[in-house]
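Below is one structure, written out as structure tokens; comments come after it.
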Amino acid sequence: MNFLRTQGFFDLGAWLRHKVVYQKLNNPIGYVAALLGAFALAYVLSLLPLKLAILTVGGLVAIPIVAACFLNLHFGINVMLVAGFLLGLAAKYTSGPIGTAMDGLLVLMLVGLLARLIKEKDFSFAKSPISLFIAAWIYYNLLQVLNPWSASKVAWLYTVRTVALMLALYYIACFAFSSLKKIMTTVKVILFLAFISALYSLKQEFIGFSNAEIAWLNADEERFMLIFQWSRMRVFSFFSDPTTFGILMGYLGLFALLLATGPFKTWKKITLVIAGIAMLMGMAYAGSRTPFVMIPMGIIFYVILTLKKETILATTIFFMVGGVLVMKSTHSAVIWRIQSTFKGQSNDTVDVRMKNQKLVQPYIQSHPIGAGLGSTGYWGNRFTPDSWLASFAHDSLFVRLAVETGWIGLLIYMGLLFTALRTSIYYYFRVKDPTIKLLYLCLALNVFLLAVACYPQEAITLLPTSIIFYVMLAMIVRLKDFDENFKRIEN
């Protein structure tokens with residue numbers, strides 16, 4: 001009798017091992033167990049206070065996602081992109097430390113990268129000139145803690161945290177992009193998120209804002225005045241302001257339309273064209289002048305790089321139609337805003353910016369390493385409110401860098417942008433794979449447009465553009481590795 005019981009116990013153990021280990025509960029027993037677990041979890045959550053229940057659900061969802069980001073860096077990059085796009089939306093509904101959570105995720109991914117580098121010892125991506133410039137920029141920002149003109153070490157700490165971690169994303173992406181398929185997946189994620197953002201902005205334009213968005217607008221008078229202009233509300237989609245959204249739609253809209261000319265299936269080309277048009281519409285309704293300048297500049301850049309008769313003809317027609325549009329009178333606030341960009345009706349704004357730059361030039365010339373990170377803008381107002389730099393309206397990434405890091409820091413950063421643009425153009429003319437060649441053209445165009453946008457705005461430092469930019473730099477470095485013709489030439 002005891003023997004039979006023992007034998008039955010072993011049979012049951014083998015049966016359970018087969019169901020759990022080999023079939024991984026992908027069977028009726030697993031389905032029943034999952035259903036019972038869901039009912040039990042729902043019952044427990046119903047007994048908890050609402051906030052605690054929400055935190056519990058968030059933790060149950062976040063823990064496996066964070067673990068997956070650590071184990072799969074490519075997945076982590078895509079999660080960072082999603083978080084970057086939705087951060088502004090979440091900020092309208094919660095005051096939780098979402099930005100800090102993103103920093104923590106980046107640190108975890110960086111630890112994962114270091115663990116893999118120790119194991120695999122693959123440092124080939126670090127040999128790129130872009131990698132060297134980024135390393136120099138990180139090192140220079142870290143050295144700013146010794147800046148004798150810095151009025152606040154705390155401001156430096158808050159600023160360098162964002163700079164160093166965001167730049168580290170470039171190295172993570174370089175390692176994670178181990179195949180062309182992974183790069184294309186990330187491109188699809190970026191364009192999908194941008195398309196959804198554009199559609200949501202069109203919802204805001206034609207249907208209206210949500211109650212939470214209206215409350216958020218009314219909570220700050222300055223914010224409301226920035227968005228309510230020309231007797232209409234400017235759309236901002238998921239983001240914190242129309243300028244951030246408009247710049248994003250400008251360069252990604254051109255990216256989608258240019259990618260639609262590639263060797264893809266017809267339905268994919270149609271989808272890219274629809275997405276690109278939706279993004280440009282969202283850009284127009286956002287009403288920011290900077291993207292309106294980016295579009296013709298991008299077209300000129302594309303024509304110079306390709307020099308095709310069809311492109312030159314189409315561009316000529318585009319500029320003729322655009323010229324007529326600029327000269328035509330209109331009662332539309334959206335069209336008037338576009339016209340004002342090219343008619344010189346924004347001269348007051350330009351004059352103010354030029355006067356501010358003239359005012360700060362002597363300071364920049366006499367401070368080669370700048371006034372220290374965080375001496376201007378938000379951190380300057382918070383930590384050194386008595387300094388005249390705290391209230392200085394720089395209105396430009398280049399001006400801010402010149403003030404905070406000096407003309408030495410500005411030269412390093414400009415060197416990074418130039419190297420990124422040169423590298424993407426260099427590989428565009430040397431790779432043969434049509435998809436990779438087109439991607440290099442798209443990336444070169446985006447680097448150029450963002451460099452242009454950084455003169456009137458802090459374009460590259462704005463989320464999610466900051467994430468997208470460094471991911472794109474990693475694409476520039478890695479794409480050539482998947483072109484068979486280029487590898488033969490190199491070898």
Exclusive hit being free of Cβ contacts under 8 Å to residues at least 40 places away in the same chain, under 30 Å from M414 (Cβ atoms) and in a helix (DSSP H, G or I), set A101, A135: A135
Residue pairs meeting the criteria (Cβ under 7 Å; at least 6 apart or on separate chains; first among the acidic types (D, E), in segment 411-424; second at pLDDT 95 or above): none
Counted residues, segment 113-123 - those being assigned to a helix (DSSP H, G or I) and free of Cβ contacts under 8 Å to residues at least 60 places away in the same chain: 7
Hits in segment 245-281 - residues which are more than 19 Å from the chain's Cα centre (by Cα) and of a type in the set (V, I, T): T261, T266, I270, T271, V273, I274, I277
Search result, residues across segment 238-256 that are more than 13 Å from M294 (Cβ to Cβ) and free of Cβ contacts under 8 Å to residues at least 60 places away in the same chain: D241, P242, F245
Residue, surrounded by the most Cβ atoms within 10 Å (Cβ to Cβ), within segment 371-409, restricted to residues that are aromatic (F, W, Y) and part of a loop (DSSP other than H, G, I, E, B): F392
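Residue-wise test of (1) more than 20 Å from the chain's Cα centre (by Cα); (2) of a type in the set (A, V, I, L, M).
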residue: A151; (1), (2): yes, yes
residue: W156; (1), (2): yes, no
residue: L169; (1), (2): no, yes
residue: F175; (1), (2): no, no
residue: I183; (1), (2): no, yes
Residue check for K182: without any contact (Cβ under 8 Å) to a residue 40 or more places away in the chain, more than 17 Å from M102 (Cβ to Cβ) and part of a helix (DSSP H, G or I): no
Residue match in segment 283-302 (condition: over 21 Å from the mean Cα position of the chain (by Cα), at pLDDT below 85 and surrounded by fewer than 17 Cβ atoms within 10 Å (Cβ to Cβ)): no
Only listed residue being closer than 17 Å to T159 by Cβ, of a type in the set (S, T, Y) and at pLDDT 80 or above, chosen from Y413, Y363: Y413
Residue identified as under 14 Å from A173 (Cα atoms) and in contact with a Leu (Cβ under 7 Å, 6 or more places away or on another chain) among L81, L87, L110, L117: L81
Residue identified as surrounded by fewer than 21 Cβ atoms within 10 Å (Cβ to Cβ), under 26 Å from L438 (Cβ atoms) and in contact (Cβ under 8 Å) with a residue 12 or more places away in the chain among L280, L202, L272: L280
Residues satisfying the stated conditions in segment 227-260, i.e. in contact with a Leu (Cβ under 7 Å, 6 or more places away or on another chain) and either among the polar types (S, T, N, Q) or not in a helix (DSSP H, G or I) (or both): F238, D241, T244, A260
Residue in segment 430-448 that is surrounded by fewer than 19 Cβ atoms within 10 Å (Cβ to Cβ) and within 19 Å of P129 (Cβ to Cβ) present: yes
Options W156, W137; residue that is crowded, with 18+ Cβ neighbours inside 10 Å, among the hydrophobic types (A, V, I, L, M, F, W, C) and modelled with pLDDT of 90 or more: W137
Failed condition for S466, given (1) without any contact (Cβ under 8 Å) to a residue 60 or more places away in the chain; (2) surrounded by fewer than 21 Cβ atoms within 10 Å (Cβ to Cβ): (1)
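The values are calculated or read from the model by the stated rules, or taken from the named source; none is laboratory data. Note that this is a predicted model, so its numbers are computed, not measured. In this analysis, Cβ positions are derived from the backbone assuming ideal geometry, glycine residues included, and neighbour counts consider all displayed protein chains.
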